[in-house]
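Right, one structure below, let's go through it.
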Amino acid sequence: MRHTIYCVLCVLATLTLAILAARYATNLWLLGFFESLQTHISLFGIALALLALLFKRHWYAVFLLAVGVGLAVHSVMLLREYAAVPPVNPPAAADASKSFKLLSFNIDDDNTPQNGVRIADLIVGSKADVVEIFEANSILSQLPRITDIYPYRIGCGVMTTDCDSLLLSKRPLLTQDMHSLGSLWDNRFIHATIDMDGQTVNFVSAHLSKPYFDEFHTVELNILAPILKDIQGPLILAGDFNASVIAPDMQDFLDDTSLRHVFPEPATWPIKGGAYGIAIDHVFARAPLRLESVQQIPDAMGSNHFGLVTEFSVSK
């Protein structure tokens, strides 16, 4: 009986770890969901291997344990690979650049009107300089009072008839652009330039398809990357990427665009995972713009994602 349980546990651990290890041999969109969960699935594989060793001490379970530890360690290395490096000599208080605030939140198209009121309260009271909302339909009825605080916007009737991606600003938009990334979804890319106390900053929002929707996710990243490389000046990109930075196409995207993120990134999905979920909603930046902090909004307000509040500054 002990041998049978040992064999079952080893088979489960082998299948679990083989799915993760496949990324090192091939790049299949079918693996996209598992790749974003590499840390969590590796820990599950380690637990299975340890449990197998309780039933029988055998070299194969030790081998599985070593593979699981290797995959878990490498996943943390991947999470850190494109993290922003703190400045060696931070500016003195008198010379420090002014900080600004960005609120970004996928509020979920299926959210209720009651939660839409709460989310509108969050936006109005956030003191954010710029707000980027994804799947914004549930706050459409709240726009009149939101626009009292944020009179400048793209989305929800401005530059598009739908209410999916939405950018709100307290300051005038110097330039504005909105279009699609690929053929699956319409108008999920926004680019606006805004004068932030004498410094022009590029604000970009992007909402990508899920990585297991064929190869659409990689195609959209391949469309997005050249656009960002052509943008001049400080840039901050926030969005729902539906993938962790562990994913191979996300790694390629960050390498190609020189964008950086904070480490560790706050978990945003699934909401039941709380702080132990994964980060699939990101805020990326390119120098001279610097991310000071990125924090999770602890109340999802009916959404299936947590929102993010980002403090950033621009070096002069």
Which is part of a helix (DSSP H, G or I), within 22 Å of the chain's Cα centre (by Cα) and modelled with pLDDT of 95 or more, of L167, L122, L102? L122
Any residue at all in the stretch 226-234 that's modelled with pLDDT of 95 or more, over 24 Å from R171 (Cβ atoms) and within 13 Å of the chain's Cα centre (by Cα)? no
Show the residue pairs that are 6+ apart or on different chains and have beta-carbon atoms under 6 Å apart, the first residue being within the stretch 18-31 and closer than 14 Å to G68 by Cα, the second being in a helix (DSSP H, G or I) and β-branched (V, I, T). L20/I41
As an exercise: evaluate T257 against (1) over 14 Å from the mean Cα position of the chain (by Cα); (2) of a type outside the set (A, V, I, L, M); (3) farther than 21 Å from K101 by Cα; (4) surrounded by fewer than 16 Cβ atoms within 10 Å (Cβ to Cβ) and give the number of the one condition it does not meet. (4)
Top-ranked residue of the stretch 275-309 - restricted to ones that are assigned to a strand (DSSP E or B) and of a type in the set (V, I, T), ranked as nearest to the chain's Cα centre (by Cα): V283
I'm trying to understand the selection: among the residues of the stretch 177-213, which are among the small types (G, A, S) and either surrounded by 20 or more Cβ atoms within 10 Å (Cβ to Cβ) or closer than 19 Å to I223 by Cβ (or both)? S180, G182, S183, A192, S205, A206, S209
Going through (1) in a helix (DSSP H, G or I); (2) crowded, with 18+ Cβ neighbours inside 10 Å one by one, R145 fails only at (2)
Those residues that are in contact with a Phe, Trp or Tyr (Cβ under 7 Å, 6 or more places away or on another chain) and under 21 Å from F34 (Cα atoms), I need them from the stretch 53-80; list them, please. L79, R80
Condition met for F312 (among the aromatic types (F, W, Y), in contact with a Leu (Cβ under 8 Å, 6 or more places away or on another chain), in contact (Cβ under 8 Å) with a residue 60 or more places away in the chain and not in a loop (DSSP other than H, G, I, E, B)): yes
For I123, state whether it is surrounded by fewer than 20 Cβ atoms within 10 Å (Cβ to Cβ), in contact (Cβ under 8 Å) with a residue 12 or more places away in the chain and closer than 20 Å to L308 by Cα. no
Could you tell me whether the stretch 49-64 includes any residue that is in contact (Cβ under 8 Å) with a residue 40 or more places away in the chain, surrounded by 18 or more Cβ atoms within 10 Å (Cβ to Cβ) and in contact with a Lys or Arg (Cβ under 9 Å, 6 or more places away or on another chain)? yes
Per the list (1) touching a helix residue (DSSP H, G or I) at 6+ places or on another chain (Cβ under 9 Å); (2) surrounded by fewer than 19 Cβ atoms within 10 Å (Cβ to Cβ); (3) among the basic types (K, R), residue check on R286 breaks on (2)
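The values are calculated or read from the model by the stated rules, or taken from the named source; none is laboratory data. Because the structure is a prediction, the values reported are computed rather than measured. Cβ atoms come from the backbone with ideal geometry, glycine included; neighbour counts cover every protein chain shown.
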